[in-house]
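Here is the structure we will look at, set down as structure tokens.
The values are calculated or read from the model by the stated rules, or taken from the named source; none is laboratory data. Please read all numbers here as calculations on a predicted model, not as lab measurements. Every residue, glycine as well, gets a Cβ built from its backbone with ideal geometry; the counts of neighbours run over all protein chains shown. The protein model used for the area step is the full one, side chains on, heavy atoms only, and it has no ligands, DNA or RNA in it. Shrake-Rupley method; radii C 1.70, N 1.55, O 1.52, S 1.80 Å.
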Amino acid sequence: MTSENKALTASEIPLALFSLGLPLTIAAFSLSGYAAPANLAETFATGLAVLGLILEMLRGNNESTAPLWFRAGIPAMLITWISFKYFSGYTHPLLEQLPLLMEAKPLIFLLVSALWLSLFPPPTTKQISFWSSWLALLICAEFILRFFIFHDPAMPSLLGTSSICGPILLVGFCATLHNSGENTFTRYLVLAGIFCTLGRDIIFAAILIMFIFGSKGGLKKFLLVLCMLLFGYLSLQVQEMTFINRQDLPSYWLWFSILELFANNPELLLTGFPLTVPLPLNVPASLWTIWHGQQQVWTGSGIYVFHLPPFWLHLLCSWGLGGFCAIAAAGTALYKRFPSVMLGSLLTTTIVCGLFSPLFYHPACALILFPAFITATSPEVCSFKFE
């Protein structure tokens, strides 16, 4: 759990912002008794984009002796705050184009990542795993407090949901598999954090990655399976021994309902659903409160494609099977061109976590995943092949 530099480098700012800054901010709101703003992650992403633009304008300007955080950081925070505070009302005419703008989120996050990577080198594997390990440590601490100190078993949620924290932890876990002999402590710390999220899909993704890309020892794999079963049982215990977590009910309902729509209208598999038209679905009354808590809207406004959290379901409804084929082709071509353990494990993370996590449609996940994929294709990482 060591970073290569004692001081925070510019390459690490997106990692620090979304692996530690965002979860701690969410925890601060929760501990103060207030709900975190629904657009908190988007606000952080906007601030990162503004900071990148300011740094781009200051590139090559070495005349000022003021530190960079003072010349760029403070103006970026002020511009972001003023924009959300006083100018958000001017975006109301864009509401009619909201479905199209929401569908462009992965492209926007990709552009922000590209801007940052054009200014600074990609983060190293140690930097990625370093910030994920801090998030893992905090999640482990919350798990211990809930289960053993307060005797109040519950899903760790103080730092955010497992659908967001889980992929961030898995990215750090994938980074530890590069030159794994030097990252044993960090890898098992992040793995402990993954177990403590009690997210079964996240835990399954980590076990699958270890089976495919990890060590060959049979005893280690057996112990991992035992841990998966143990924490899987704990996840059932906090849900009153029901298989489905209450907060995941909307995602399960969406999967079954939309697959039924495709079964009745197979031609939609080719084209997907129109983005600007509500889906022919009505949220069951039993899910109204959960739906409002997650989407910040009531069911009367309709369910649009951008309301679908799971990445793969969202992609299928937006782009049909063409989107699936395009992503599969891109992933296959990328892995053939840059066959590294880290890249293979990141692709596995995307496949498994995309069933319930928004991934590239959420700024916290996207702005960590995109730089991680770039790092996984670097010559230093690709030189360590899977054996």
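Observations
- Shown here for region 48-156: trypsin sites (Lys or Arg not before Pro) in loop regions (DSSP other than H, G, I, E, B) with at most 10 other Cβ atoms within 10 Å, namely R59.
- Relative to one another, the C-alpha centroids of region 105-179 and region 326-387 are positioned 15 Å apart.
- Inter-label distance, nm, simple model (7 Å from Cα along the C-beta direction), A35/A104: 2.9 nm
- Order by protection proxy (mean Cβ within 10 Å, highest first), peptides 132-143, 322-333: 132-143, 322-333
- Of the GluC sites (Glu not before Pro) in region 165-261, those whose Cβ has at most 11 other Cβ within 10 Å and which sit in DSSP loop: E240
- Sparse-neighbour loop sites [chymotrypsin sites (Phe, Trp or Tyr not before Pro); region 73-110; at most 16 other C-beta within 10 Å; DSSP]: F87
- Lys pairs under 20 Å by Cα in the chain, provided they are eight or more residues apart or on distinct chains: 4
- In this label model, L111 and M57 are separated by 1.7 nm, measuring between points 7 Å along each Cα→Cβ vector.
- Kyte-Doolittle mean at least -1.0, axial Cα span of 24 Å or more - DSSP H helices of the chain: 40-58, 125-144, 218-237, 311-337
- Only alpha carbons enter this Debye calculation for the chain, each as an equal point scatterer, and the log10 of I(q)/I(0) it gives at q = 0.10 Å⁻¹ is -0.69.
- Backbone N under 15 Å from the L119 label point (7 Å along Cα→Cβ), restricted to region 8-27: 9-18
- Calculated FRET efficiency, L226 to F256, Cβ-Cβ distance, R0 = 25 Å: about 0.20 to the nearest 0.05.
- Using the Cβ-Cβ distance between R71 and E182 with R0 set to 25 Å, the FRET efficiency from 1/(1 + (r/R0)^6) comes to roughly 0.10.
- Note on A263 and S88: with the Förster distance fixed at 45 Å, the Cβ-Cβ geometry gives a FRET efficiency of about 0.65.
- Cα-centre dipole for the chain with unit charges at Cβ (Lys and Arg positive, Asp and Glu negative), debye to 20: 640 debye
- The slack between F150 and L24, meaning 0.36 nm per residue of separation minus the straight C-alpha distance, is 43.3 nm.
- Rolling a 1.4 Å probe over the heavy atoms of the protein chains gives the chain an accessible area of 50 Å² per residue.
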